[in-house]
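Working notes for the structure below.
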Amino acid sequence: MINRDEYKPINCSYYDILEAHATTGNLIKITIKKEDEGIQEYSDRIINLKSKKGEEFAIMESGKVVRLDNIVAINGVSPKQPPFNTDCIM
């Protein structure tokens, strides 16, 4: 999936959730937005998280590559709901 919009980093606590799913290999329900196809929802597993040119991606078991700021929800949990809707304090 290619999205030419400027990347908006996700909250680090939400990233930790994605990392946990990648580590455990849990089957998740992922909802994403695609500029050309609207909202999509499917079940898959995150097998890896990667960064490239300042953007972060989830590599899915199905072979799909999802830019992290295109995730609407994982298992119904949105990155826009508290406590994930704030910046991380470093």
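The values are calculated or read from the model by the stated rules, or taken from the named source; none is laboratory data. Remember, predicted model here, so these are calculated numbers, not experimental data. All Cβ positions, even for glycine, are placed from backbone atoms using ideal geometry, and neighbour counts span all protein chains on display.
Observations on the model:
- Matching residues, region 31-76, being outside any strand (DSSP E or B) and either touching a His at 6+ places or on another chain (Cβ under 9 Å) or loosely packed, with under 15 Cβ neighbours inside 10 Å (or both): GLU35, ASP36, GLU37, ARG45, LYS53, GLY54, GLU61, SER62, GLY63, ASN75, GLY76
- For CYS12, the criteria (1) over 21 Å from PRO82 (Cβ atoms); (2) touching a residue at least 60 places away in the same chain (Cβ under 8 Å); (3) more than 11 Å from the chain's Cα centre (by Cα) hold in every case but one, which is (1).
- One residue from PRO79, PRO83, PRO9 being surrounded by 15 or more Cβ atoms within 10 Å (Cβ to Cβ), outside any helix (DSSP H, G or I) and at pLDDT below 95: PRO79
- Annotation for region 63-74: at least one member residue is touching a residue at least 24 places away in the same chain (Cβ under 8 Å) and of a type in the set (Asp, Glu).
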